[in-house]
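Only one structure is covered here, and it is reproduced in the block below.
The values are calculated or read from the model by the stated rules, or taken from the named source; none is laboratory data. Keep in mind it's a predicted model, so treat the numbers as computed, not measured. Heads up, the Cβs are rebuilt from the backbone with ideal geometry, glycines too, and the neighbour counts pull from every protein chain shown.
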Amino acid sequence: MAEDTQNQTNTEANDQINQNTPNQLTELSSVDLLSSKVIELENNINQYKDQLLRKAAEFENYKRRIENDSANIIKFANEDLIEKLLPVLDDFERSFNAIKDTGSESESFIKGVELIYNKFKRVLDLQGVKPLDAIGKPFDTELHDALLQMPSKDFPPHTVIKEVEKGYMLNDRVIRHAKVIVSGEPETIDEPIKDSLSESD
């Protein structure tokens, strides 16, 4: 009888354990599921944050590029007009030289024209136009157009020795190259005038 009672108690205990085990497994699997879901959501949040930061950086770069482009458009908007005005400036300078060479006595006329020239030059200065300083400088294809190459003992080879036509910059951009004569090696150039420099020089 006592043995039957003991068997019944063991059976009930086993049933109790068997009933609790599925509940515990269900609770554990629910926690795991929620944990994995939280991790997945956190990963998604980090991914969206990263995408947002990238888009914000791209937009800043785009905005900066547009601002620079707009500034350059404004800065160089009058480039065509100034290029057309430069020959007028050249004519003024040639006129001065011609009048001085002829020794004309009309000093008041020269002074009047000089005043107009200086006023015109000031207007160009205010627009950001600057003449290139070429004589005595090394020949540079970015700034100069070589018309001739001549032997020279006074200058090292490939140096600008004479300016035929001035070059000009508008702000930081060359709008007209200086037309120049460049020195060559005295011992290698027999004739006084040679062909213009190649791009590689």
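Of note:
- Filter result (among the acidic types (Asp, Glu) and touching a helix residue (DSSP H, G or I) at 6+ places or on another chain (Cβ under 9 Å)) within region 62-119: 93, 114
- Filter result for residue 38 (out of contact with any Pro (no Cβ under 6 Å at 6 or more places or on another chain), at pLDDT below 80, among the hydrophobic types (A, V, I, L, M, F, W, C) and assigned to a helix (DSSP H, G or I)): no
- When the criteria are applied in full, residue 107 fails the requirement of being acidic (Asp, Glu) and either closer than 24 Å to residue 180 by Cβ or surrounded by 13 or more Cβ atoms within 10 Å (Cβ to Cβ) (or both).
- Condition broken by residue 71, with the remaining ones in (1) under 16 Å from residue 129 (Cα atoms); (2) in a helix (DSSP H, G or I) satisfied: (1)
- Reported count of residues in region 167-188, each being small (Gly, Ala, Ser) and outside any strand (DSSP E or B), is 1.
- Per the listing 111, 162, the residue uniquely part of a strand (DSSP E or B) and not hydrophobic (A, V, I, L, M, F, W, C) is 162.
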